[in-house]
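The values are calculated or read from the model by the stated rules, or taken from the named source; none is laboratory data. All figures in this text were calculated on a predicted structure; none of them were measured in a lab. Here the Cβ is made from the backbone with ideal geometry for all residues, glycine too, and neighbour counts use every protein chain on show.
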């Protein structure tokens, strides 16, 4: 089924990514890229199985049996977890539903793909976050005498202060920060949802100093300038943040080391803020709004994350046996994290 050298499958893929996802579904660029990666893996698998190029695939190659074999390939050959397998299937479901609306002649096999169930037994890893002394060790290792160190300190202080997603922080521009009281930053989260998040005055000063340091190299349009940039003057990437975290995080803490068993990554800083908001007695609804969660169910997972919170609950049942624990203290350049949260 070719028209002018273009297959029906190629035309469908183009409309799916260029029109349906961004315009009709309003998905973010990050989500679209995730769908792209999932479907590209599927297309490569289908091409290998039919001994042809990806460009020569047709809708007739997109069958329930082929998708089932692909899902098995993910787990047995690629070693993907059940969670990853289900995420790939979610992208395939969306693509199949799109095809049903545009190619009704292929409705039967496409409905078969949509009917493929998610696999049960997907186990969530425990939420890995940093304890107070681990945060202090991370920040203390940054040499703030250099411009790069000044940037890195401001980056991690802001991430810990706000609990924002990595890409939300990296997308910040000078115009998104209010440096005068009350200091806050403006984030654009998933689904282009906008939220304001307060920051410590000290954090605002770190950002203002970072902006002043790089002012000479930013040009005239200062308000539109990304706050966090690499040494080439380009916006810092998520992979760059991961590299910096591995650089500064003591080896005894991250990387699944035997000492802690944790797998610390940039998103772990977001988990850290959420857990300490919960420890400070902030209600779930406020934390959900603070973090930009789509529902309270996402926020509730932090109630299961912290052993100290479980101990506090137990101390209320057996107060004579277990005394009420004292909350940890977190200092970021002289500011107390838990104390500040209690005063919100």
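Taking the stretch 29-62 as the range and being under 17 Å from residue 88 (Cα atoms) and assigned to a loop (DSSP other than H, G, I, E, B) as the test, only 62 passes. Checked against the criteria, residue 157 does not count as in contact (Cβ under 8 Å) with a residue 24 or more places away in the chain, assigned to a loop (DSSP other than H, G, I, E, B) and either under 29 Å from residue 22 (Cβ atoms) or in contact with a strand residue (DSSP E or B) (Cβ under 8 Å, 6 or more places away or on another chain) (or both). Close contacts from the stretch 218-239, counting a first residue that is assigned by TED's automatic domain parsing to the domain that holds residue 178 and over 16 Å from residue 151 (Cα atoms) and a second that is at pLDDT 80 or above and exposed (fewer than 13 other Cβ atoms within 10 Å of the Cβ), with Cβ to Cβ under 6 Å and a gap of 6+ residues or different chains, come to 223/175. Residues that are assigned to a loop (DSSP other than H, G, I, E, B) and in contact with a helix residue (DSSP H, G or I) (Cβ under 7 Å, 6 or more places away or on another chain) within the stretch 81-135 comprise 103, 116, 118, 119, 121, 122, 127, 128, 129, 130, listed in sequence order. Being within 26 Å of residue 103 (Cβ to Cβ) and out of contact with any helix residue (DSSP H, G or I) (no Cβ under 7 Å at 6 or more places or on another chain) is a description that does not apply to residue 61. Identify, please: which residue in the stretch 290-303 is touching a residue at least 40 places away in the same chain (Cβ under 8 Å) and out of contact with any strand residue (DSSP E or B) (no Cβ under 7 Å at 6 or more places or on another chain) and is, among those, surrounded by the fewest Cβ atoms within 10 Å (Cβ to Cβ)? If we take residues in the stretch 290-303 being touching a residue at least 40 places away in the same chain (Cβ under 8 Å) and out of contact with any strand residue (DSSP E or B) (no Cβ under 7 Å at 6 or more places or on another chain), then 294 is surrounded by the fewest Cβ atoms within 10 Å (Cβ to Cβ).
Within the stretch 1-17, the set of residues being assigned to a helix (DSSP H, G or I) and either modelled with pLDDT under 85 or within 27 Å of residue 85 (Cβ to Cβ) (or both) comprises 8, 9, 10, 12, 13, 14, 15, 16, 17. Please find, within the stretch 212-241, the residue that is modelled with the lowest pLDDT out of those that are assigned to a helix (DSSP H, G or I) and over 25 Å from the mean Cα position of the chain (by Cα). Checking each candidate, the answer is 217.
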